[in-house]
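Enquirer: Below are the structure tokens for one structure; questions will follow.
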Amino acid sequence: MKKSLILPVTGLFIAVSTPLLAVEVTPQTKATAVAGRLNLEMRKKLTLAIQQNGLAGSLNVCAKEAPAVIADLEKQFGVTIKRTALRLRNPANAPDAAEKQLLEKLDGMVKRGEPLPQDAALFSDSVSGKIRTLRFAKPVMMQANCVGCHGPTEKIPADVKQALAAGYPKDKAVGFKEGELRGIISITVKEDIPEDKEKK
Ligand code: HEC
């Protein structure tokens with residue numbers, strides 16, 4: 001189980017970070033690698049923190065460590081990363097119009113039992129001056145180890161509820177069941193448009 005989770009992600013990462021393999025690094029493969037790494041890091045950190053500090057002592061993993069991992073990946077890959085969702089815990093993670101539209105579409109697909117794309121999927125492509133902006137999203141699914149903090153209220157321990165009420169008075173990110181769409185990782189890749197292409 002563990003192996004099958006880790007291998008595809010590291011595989012992608014190697015493809016991106018090792019030019020010798022002659023794999024073309026497209027914005028899409030980059031975004032997919034970034035999303036995979038963020039998912040993997042968060043899963044690792046959450047599992048470890050919950051083991052060491054219990055659930056109520058692990059709130060800062062989703063709150064503080066996610067931004068730290070994101071900042072690291074942004075620097076390493078030269079992209080912008082955001083975690084967003086339709087029902088939010090932290091209002092600062094609110095989706096913009098394009099993200100909201102995509103979230104609604106993906107949520108509908110999950111509810112109808114349709115499979116979601118595995119890779120980071122392109123949802124916006126625009127050009128401004130000499131810069132092309134490509135936006136990708138990877139679904140974030142509710143898993144068993146998210147239930148204690150994002151699940152139905154009866155599955156959230158009293159001390160976690162208390163900590164959440166104190167830190168997030170407007171919390172809407174509860175009541176999710178395993179397998180539902182929790183949100184997306186939204187990745188923005190900017191590319192310079194080469195001069196010659198511009199003139200033609
Ligand atoms: C220990 C409690 C805890 C666990 C377990 C947990 N989260 Fe969170 N989650 C939080 C907190 C606290 C926030 C608010 C973070 C912030 O302040 O930006 C959050 C925020 C988020 C957000 C950002 C959007 C929003 O609502 O603000 C996503 C996406 C998310 N969690 C997904 C997950 C997923 C997927 C899992 C399981 C793999 C998970 N979380 C497990 C506590 C938790």
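The values are calculated or read from the model by the stated rules, or taken from the named source; none is laboratory data. What you see is a predicted model; the values in this text were computed from it and never measured. Cβ coordinates were reconstructed from backbone atoms using ideal geometry, including for glycine residues, and neighbour counts include every protein chain displayed.
Enquirer: Hey, does segment 166-188 have a residue that's in a helix (DSSP H, G or I), within 17 Å of the chain's Cα centre (by Cα) and surrounded by 13 or more Cβ atoms within 10 Å (Cβ to Cβ)?
Expert: The answer is no; no qualifying residue exists.
For every residue, the table says whether it meets (1) of a type in the set (A, V, I, L, M); (2) within 16 Å of the ligand (Cβ to nearest atom); (3) under 29 Å from A49 (Cβ atoms).
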{"site": "L73", "(1), (2), (3)": "yes, yes, yes"}
{"site": "T80", "(1), (2), (3)": "no, yes, yes"}
{"site": "A94", "(1), (2), (3)": "yes, yes, yes"}
{"site": "L102", "(1), (2), (3)": "yes, yes, no"}
{"site": "D107", "(1), (2), (3)": "no, yes, yes"}
{"site": "R112", "(1), (2), (3)": "no, no, no"}
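Enquirer: Please work out which residue is nearest to the ligand (Cβ to nearest atom), limiting yourself to segment 125-161 and to residues that are exposed (fewer than 11 other Cβ atoms within 10 Å of the Cβ) and of a type outside the set (D, E).
Expert: So, considering only residues that are exposed (fewer than 11 other Cβ atoms within 10 Å of the Cβ) and of a type outside the set (D, E), the one nearest to the ligand (Cβ to nearest atom) is A144.
Enquirer: Of N60, N53, which residue is at pLDDT below 90 and more than 23 Å from G78 (Cα to Cα)? Spell out how you get there, then give the answer.
Expert: Numbers: N53 fails: at pLDDT below 90.
None of the others qualify; the one that does is N60.
Enquirer: Here's a follow-up. Show the residue pairs that are 6+ apart or on different chains and have beta-carbon atoms under 6 Å apart, the first residue being within segment 87-111 and under 17 Å from V174 (Cα atoms), the second being acidic (D, E).
Expert: From segment 87-111, the pairs are R89/D171.
Enquirer: Among (1) surrounded by fewer than 19 Cβ atoms within 10 Å (Cβ to Cβ); (2) of a type outside the set (A, V, I, L, M); (3) within 16 Å of I184 (Cβ to Cβ), which single condition is T47 missing?
Expert: T47 satisfies all of (1) surrounded by fewer than 19 Cβ atoms within 10 Å (Cβ to Cβ); (2) of a type outside the set (A, V, I, L, M); (3) within 16 Å of I184 (Cβ to Cβ) except (3).
Enquirer: Read through the list (1) free of Cβ contacts under 8 Å to residues at least 12 places away in the same chain; (2) more than 14 Å from the ligand (Cβ to nearest atom), then give the number of the only condition that A31 fails.
Expert: Failing condition for A31: (1).
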